[in-house]
Amino acid sequence: MGDWSVAVGIYEGRNVPAGPGMNNARRVGVGPRHPIVRWVYHHRQAAADSLHKLVFEPISTLLTWMVLGIALALPATLLVLLSNVLALADTIDVPARFSLFLNELTTLEQASDIARRMEQRVDIAQVSVLDRVTALADFGVQTGLESLIESLDANPLPHTLLVEPAAHINASRMDELADALTNTPGVANVIFDTQWLARFETSLLLLQRLVIGLGLMMVIGAILILGNTLRLAIEARRAEIVVIKLIGGGDAFVRRPFLYMGLWCGVGGGALAIGLVIIFLSLLASPAATLLALYNSDWQLQGLSFIAALQLALVGGSLGLLSAWQATTIHLRRVEPK
Amino acid sequence: MIVFDRVGKRFDNHDAIRDISLTIDSGEMVFLTGHSGAGKSTFLRLLMLLERPTSGCLMVNHRDTSRVKRRAIGTYRRDFGIVFQDHQLLFDRTVFDNVALPLHIAGFEMRDVNRRVRAALDKVGLLQRERANPAVLSGGEQQRVGIARAVVARPKILIADEPTGNLDPQLSAEIMSLFEAFNQVGVMVVIASHDLALISRLRHRIITLNNGRLVGGGGHL
Ligand SMILES: Nc1ncnc2c1ncn2[C@@H]1O[C@H](COP(=O)(O)OP(=O)(O)OP(=O)(O)O)[C@@H](O)[C@H]1O
Ligand SMILES: [Mg+2]
């Protein structure tokens with residue numbers, strides 16, 4: 001066994017009585033770092049350490065990343081698709097046109113009068129008059145029932161006004177306009193399908209809620225799964241945690257590597273999710289383009305933007321950190337020296 | 001300085017420590033003895049804040065330990081070096097890394113860590129085994145690794161619970177003189193041991209407990 005001088009050496013630098021062999025040339029170190037430097041050092045250490053541990057268990061790390069990646073990729077893909085649908089919906093010109101059937105007794109001159117007055121309104125772009133003779137002929141041509149129409153004694157159609165609302169009028173303004181038109185003297189009947197617009201908007205809202213709901217469920221699932229992974233990691237390092245606590249490692253010191261582990265798992269999951277979303281969308285792009293072409297649209301599916309990809313990685317990281325926070329809060333307290 | 005002022009510790013309906021008042025000065029070396037179940041370990045665990053007194057007041061370095069909050073326990077324990085009877089070494093790392101652990105917690109520079117760990121291992125005669133896994137060492141060697149870890153960060157107070165529990169007399173005597181060496185440089189040393197033959201040969205105060213009561217060696221208060 002060594003001699004006393006080394007014991008003195010260990011304690012050198014402290015204000016202790018000089019023992020045998022005390023020798024200033026054998027200073028052992030300069031003492032701990034400044035608290036802030038130490039804090040940074042501990043963070044770097046914990047970050048590197050937990051990354052190391054993950055890399056050295058590639059299979060289980062990859063599995064965790066996959067689980068998180070899939071849990072994030074599904075809602076992310078749906079969100080991208082949703083934003084595509086919303087953008088596409090914006091480009092659709094609502095072919096809104098009111099057909100106003102006038103009273104049977106209204107003459108063509110009176111019809112033109114009404115039309116001129118209507119055109120003054122700000123929410124109306126244009127009004128054209130369709131006289132009853134032309135209307136009936138058109139109807140015959142469109143339906144192929146010319147012979148039937150020729151056999152009619154009298155023209156059953158009244159004069160008709162075709163009202164084109166101003167562009168970019170929303171559903172409620174459209175309803176107002178419909179009311180105003182219905183109450184115009186001389187108008188017998190207004191035909192306009194405002195309902196389809198409302199239905200379309202409601203469907204979008206429903207879709208939006210569905211995506212958000214699904215996303216939330218997947219995200220909560222991801223947090224729980226990662227929390228469980230961390231619980232197992234804590235369990236596996238129980239002995240180490242106990243010793244560290246015994247020799248002066250505080251709660252924060254013990255917790256840090258697990259927080260970083262959560263962060264790395266989350267960021268890895270986020271990165272994997274980015275890859276999955278890109279693959280997913282590229283698989284959908286060509287059939288979607290074909291489908292839209294059938295509807296005479298040259299819309300191209302918009303992929304995951306760079307910013308959105310970054311956000312996905314960020315969301316992954318925050319989720320990881322969040323579940324590590326909750327897991328360590330719950331489980332670390334239970335690991336105490338006996 | 002450690003001051004027990006009418007300290008009691010009660011578990012459920014059993015008093016492990018009863019109404020103990022005593023003082024241990026800085027720089028002093030004391031032994032703690034008594035029959036099995038007398039309360040020696042509980043006494044040391046109170047010092048480490050592994051247990052809290054159920055009555056009385058425990059002062060360490062003029063600080064009321066009941067004021068030490070949970071968050072501050074880590075910092076508080078860094079003033080102590082502890083040697084455990086069951087060593088409490090980690091078998092997933094080398095001897096060197098085991099001894100370095102308190103320095104990492106305290107945030108020492110790497111260069112500093114290397115020198116201090118080597119000095120501590122040299123002191124306990126295990127410098128050649130620094131790369132070994134502690135699991136392959138003998139009981140006595142493991143105990144010495146534990147001692148190296150306890151002193152490496154230069155604690156002001158060294159605590160040991162049965163440090164010679166299952167060692168042969170020769171090794172036990174060597175370990176005790178090691179503790180005396182640290183005491184020589186001003187470290188307070190508190191050792192629980194029931195090896196009366198060994199500790200009475202060393203000329204230090206012996207605190208005797210019986211059923212949780214102080215029956216001998218109580219200091220001035
Ligand atoms: N956590 C606990 N819960 C209940 N009783 C306890 C607890 N810890 C200790 N005791 C009791 O307190 C008494 C003192 O125990 P302690 O471990 O301090 O004795 P000791 O002097 O260290 O004995 P030994 O020499 O066998 O190690 C014992 O009767 C023990 O059963
Ligand atoms: Mg004991």
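Quick notes on this structure:
- Estimated FRET transfer efficiency (A:Leu204, A:Ala293; beta-carbon r; R0 25 Å; 0.05): 0.70
- Candidate aspartates and glutamates for bridging to B:Lys69, where Cα separation is under 18 Å - those fewer than 8 sequence places away on the same chain excluded: A:Asp251, A:Glu336, B:Glu51, B:Asp79
- About the centre of its Cα atoms, chain A shows a dipole size close to 3660 debye [charges on the beta carbon of Lys, Arg (+1) and Asp, Glu (-1) only; nearest 20 debye].
- Under the Karplus curve 6.51 cos²θ - 1.76 cosθ + 1.60, θ = phi - 60°, whole-Hz ³J(HN,Hα) for region A:211-225, x wherever Gly or Pro sits: 4, 5, x, 4, x, 4, 4, 4, 5, 5, x, 4, 4, 5, 4
- Peptide A:308-320 has a mean of 0 when you count, residue by residue, the C-beta atoms of other protein chains within 10 Å of its C-beta.
- The alpha-carbon of B:Lys123 sits under 20 angstrom from the alpha-carbons of these lysines, leaving out residues fewer than 8 places away in its chain: B:Lys156.
- Interchain or long-range residues, amide H under 5 Å from B:Asn210's placed H: B:Val215
- Averaging 1/r over every pair of different alpha carbons in region A:185-282 and inverting the result gives a Kirkwood radius of 18.5 Å.
- Chymotrypsin sites (Phe, Trp or Tyr not before Pro), loop per DSSP, at most 12 other Cβ atoms within 10 Å - longest free stretch of chain A: A:57-294
- Calculated [θ] (222 nm, deg cm²/dmol) that DSSP helices of n ≥ 4 give over chain A, each run adding -39,500 (n - 2.57): -23000 deg cm²/dmol
- When the Cα gyration tensor is reduced to axis lengths a ≥ b ≥ c, the ratio a/c is 1.5 or higher for region B:74-139, and with a/b not above b/c it is classed as oblate.
- When the square roots of the Cα gyration tensor eigenvalues are ordered a ≥ b ≥ c, the ratio a/c for region B:32-99 is 1.5 or more and a/b does not exceed b/c, which makes its shape oblate.
- Relative to the longest principal axis of the Cα atoms of chain B, helix B:110-123 runs at roughly 70 degrees.
- Mean per-residue shielding of peptide B:175-185 is 5, counting Cβ atoms of other chains within 10 Å of each Cβ.
- For the segment B:113-125, counting C-beta atoms of other chains within 10 Å of every residue's C-beta and taking the mean gives 5.
- Unit charges on C-beta of K, R, D, E only; dipole of chain B, Debye: 660 debye
- Pairwise label distance in nanometres, B:Gln128 with B:Ser177, each label 7 Å out on the Cα-Cβ vector: 2.0 nm
- Highest-fluctuation residue, B:Gly39, B:Gly74, B:Gly165 considered, GNM on chain B with Cα pairs under 10 Å: B:Gly74
- Toward the positive end of the charge dipole of the protein assembly as shown, with +1 on the Cβ of Lys and Arg and -1 on the Cβ of Asp and Glu, the farthest Cα among B:Ile73, A:Ala125, A:Ser323 is that of B:Ile73.
- Convex hull volume per residue for chain B, taking Cα atoms only, in Å³: 126 Å³
- In chain A, the longest principal axis of the Cα atoms and the axis of helix A:108-118 are about 30 degrees apart.
- Computed from Cα positions, the angle between helix B:95-106 and the longest principal axis of chain B comes to roughly 60 degrees.
- As a length-normalised measure over Cα pairs under 8 Å and 6 or more apart, the relative contact order of chain A settles at 24 percent.
- Positive-end extreme of charge dipole, chain A - chosen from A:Ala222, A:Leu206, A:Ser151 (charges on Cβ): A:Ala222
- Cα shape, the protein assembly as shown, gyration tensor, a/c 1.5 rule: prolate
- Distance between modelled label sites at A:Ala166 and B:Lys69, nm, 7 Å Cα→Cβ extension: 6.3 nm
- Comparing B:Ser138, B:Ser55, B:Ser26 in a Gaussian network model of chain B where C-alpha atoms under 10 Å apart are linked, the largest mean-square fluctuation is found at B:Ser138.
Every number in this text was worked out from the coordinates using simple rules, so none of it is lab data. All figures in this text were calculated on a predicted structure; none of them were measured in a lab. Cβ coordinates were reconstructed from backbone atoms using ideal geometry, including for glycine residues, and neighbour counts include every protein chain displayed.
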